[in-house]
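Trainee: Input: one structure, supplied below.
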Amino acid sequence: MAAATGVKKADKVGAEGAEGAIHRIRITLTSRSVENVERVCAELIKGAKKKNLTYHGPVRMPTKTLRLTTRKTPCGEGSKTWDRYQMRIHKRLIDLHSPSEVVRSITSINIDPDVEVEVTIAESH
């Protein structure tokens, strides 16, 4: 029994050491609205500046344009007129170098429901 408790303590110490380590965290923001993505980026960077973290970004990735072209008439009769629809997807990348618990406090801001957030954590070299 005593050996088992020693192992648990060692695991806890290892987990705390890993949390205190500096990680490279990549935050990917995607949305159909440019204004919403830029607003969330500004809030994240403002939080990173307040905590004195090193960050890179926002890196603006190329906009994906999804296009759909359909015929206006359902039966195929009449003049051959077409409707063209498109949806633009905007993407931003922000890299942070910090412990993971600090990033949790930064990302706890109000994020618009239109903006999708993906957080990837990697070890810093």
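Trainee: Among the residues of region 81-103, is there at least one that is closer than 30 Å to Glu123 by Cβ and small (Gly, Ala, Ser)?
Mentor: yes
Trainee: Name the single residue, out of those in region 72-90 being of a type outside the set (A, V, I, L, M, F, W, C) and surrounded by 10 or more Cβ atoms within 10 Å (Cβ to Cβ), that is nearest to Arg60 (Cα to Cα).
Mentor: Per the criteria, the residue is His90.
Trainee: If Asp114 passes every condition in (1) acidic (Asp, Glu); (2) part of a loop (DSSP other than H, G, I, E, B); (3) more than 16 Å from the chain's Cα centre (by Cα) but one, which one does it miss?
Mentor: (3)
Trainee: Which numbered condition trips up Gly47, out of (1) without any contact (Cβ under 8 Å) to a residue 60 or more places away in the chain; (2) open to solvent by less than 50 Å² (accessible area, probe 1.4 Å); (3) not aliphatic (A, V, I, L, M)?
Mentor: (1)
Trainee: Can you tell me which residues in region 94-111 are surrounded by fewer than 16 Cβ atoms within 10 Å (Cβ to Cβ) and within 14 Å of the chain's Cα centre (by Cα)?
Mentor: The answer is Arg104, Ser108, Ile109, Asn110.
Trainee: If you take the residues in region 59-117 that are under 19 Å from Ile22 (Cα atoms) and of a type in the set (Gly, Ala, Ser), which one is modelled with the lowest pLDDT?
Mentor: My answer is Ser100.
Trainee: May I pose another question? Restricting to region 39-76, and then to whatever is of a type in the set (Val, Ile, Thr) and in a strand (DSSP E or B), can you tell me which residue is nearest to the chain's Cα centre (by Cα)?
Mentor: The extreme case among them is Val59.
The values are calculated or read from the model by the stated rules, or taken from the named source; none is laboratory data. Values in this document were obtained by computation on a predicted structure and should not be read as measured data. Don't worry about glycine lacking a Cβ; one is built from the backbone with ideal geometry, like all the others, and counts go over all protein chains shown. Quick note on the areas: whole protein, heavy atoms, side chains included, nothing else; ligands and nucleic acids left out. Shrake-Rupley method; radii C 1.70, N 1.55, O 1.52, S 1.80 Å.
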